[in-house]
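**Student:** There's a structure below that I have some questions on.
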Amino acid sequence: MTADLLLYAIAGLAFIAITGLGFAFAGGGGGRGKQGKRIKAIGEGGNARSGRENAANQTRRKQMDATVKGLREREQAARQKRQVGKSIEDRLKQAGMTMPVSTFHIGGAIIGVVAMIATYFAGMNESWKLLVCLGIGFVAGLGLPRWLLGMAITGRQKKFVSQFADAIDVIVRGVKSGLPLNECLKMIAKESPQPLAAEFQVVVDALAMGMTVPQALERMYQRTPIQEVNFFNIVLNIQQKAGGNLSEALGNLSGVLRSRKLLREKIKALSSEAKASAMIIGSLPIIVMLLVYFTTPAYIMTLFTTDLGHLILLIAAALMGIGIYIMRSMINFNF
């Protein structure tokens, strides 16, 4: 009897132990199930948050693309309506001159008349004198003032480009320190050297008169039609319409402008040998003619005293002009 009770007790304990183990394993499985559900919920929440962020980024990217497309279309429409920098009035503004257009034309006419009179009394052959005087007067009256104006514009634009990246750095530092854009532009207008200060002073005055920043920068591009100013205008237009970090965008623009300047200097160094060769080739006929004139004047005076010599000089001058133009086109890199 005692042995039977002991056997029943052992069987009961074994049943209780097996049942406890079963409940333990069942509870662990439920915990794992809850943990799996919790992990799945967290993953779905992260995926939903990532989806929302991706949707926001895509919306912002579409908005920026639409803004850039609108700016491009507006720029193309403006170019179709009016070619920037082609009129004499625009070119005088680009050179930093304040003279009226009528004064420029009067000055060109005076230069043409003076050149015509000087050529008339130069002792040329009578049969070609009138034609040569008219040709030289026409070239001097129309070409020489525009050539000098182009040289003034080129020199002013080179100074502007060399200072423009520093001006953008001033805006970047000012924006990072909490200054508004208008105050940064005023700072550049007061502290920068010419011609940068004059151009930004015009922009500041236009903003003070109630003009918007895109309109003021568009007029600045008309006065200084270079790619750097166009880049600056596009960056500010995109930032104002699409938002974003202005200091970061302008900082990237400053790096791009400095890289363009470095590339321009590298191209200048690489093409210096070709430019020197072109100068030597272009000046060689004139040097030979002067040497022959000083050694044996009678040998070369035939070109200046006969009709055939005048025709030869005219053809030679035309061919020299064409050759110089071709050589300049080969060594001139615009980007």
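**Student:** Tell me, what is the FRET efficiency for Glu248 and Ser162 to the nearest 0.05, using R0 = 25 angstrom and their Cβ-Cβ distance as r?
**Tutor:** Rounded to the nearest 0.05, the efficiency is 0.55.
**Student:** Along Cα→Cβ, 7 Å out, is where each label goes; now give me the distance between the ones at Arg146 and Ala198 in nm to one decimal.
**Tutor:** Distance between label points: 2.3 nm.
**Student:** Right, another one. Provide the packing ranking of 229-242, 304-317, i.e. peptides ordered by the mean count of other C-beta atoms within 10 Å per residue, highest first.
**Tutor:** So the order, starting with the most tightly packed, is 229-242, 304-317.
**Student:** Now a separate question. Could you line up Phe294, Phe138 from fewest to most neighbouring Cβ atoms inside 10 Å?
**Tutor:** Going from least to most buried by this count: Phe294, Phe138.
**Student:** Using a ≥ b ≥ c from the Cα gyration tensor of region 271-335 (square roots of the eigenvalues), is it rounded, prolate or oblate, where a/c under 1.5 gives rounded and otherwise the larger of a/b and b/c decides, a/b for prolate?
**Tutor:** Oblate, since a/c reaches 1.5 and b/c is not below a/b.
**Student:** Among Ser283, Leu263, Phe232, pick out the residue whose Cα is farthest towards the positive end of the charge dipole of region 208-335, where Lys and Arg carry +1 and Asp and Glu carry -1 on C-beta, about the Cα centre.
**Tutor:** Phe232
**Student:** Separate question: Starting with the fewest neighbours, write out Cys184, Cys133 ranked by other beta-carbon atoms found within 10 Å of each beta-carbon.
**Tutor:** Ranked by crowding around the Cβ, least crowded first: Cys133, Cys184.
**Student:** Multiplying the sequence separation of Met97 and Gln222 by 0.36 nm and subtracting their Cα-Cα distance, what value in nm do you get?
**Tutor:** So the extension gain works out to 43.6 nm.
**Student:** Pairs Lys86/Lys266; Lys129/Lys275; Lys86/Lys158: which exceed 24 Å Cα-Cα?
**Tutor:** Lys86/Lys266; Lys129/Lys275
**Student:** Quick one: Kirkwood hydrodynamic radius for region 216-335, alpha-carbon pairs, angstrom, one decimal?
**Tutor:** 19.1 Å
**Student:** Give me, ordered by chain and number, the residues 5 or more places off Gly244 or on other chains with an amide H under 5 Å from its own placed amide H.
**Tutor:** Close amide H contacts, sequence-distant or interchain: none at all.
**Student:** I need the shape label for region 159-260. Rule: rounded when a/c is under 1.5, else prolate if a/b > b/c, else oblate, with a, b, c from the alpha carbon gyration tensor.
**Tutor:** Note, shape of region 159-260 comes out rounded.
A short reminder: the numbers here are calculations on the coordinates, not readings from a lab. Everything numeric here is computed off the predicted structure, so don't read it as measured data. Here the Cβ is made from the backbone with ideal geometry for all residues, glycine too, and neighbour counts use every protein chain on show.
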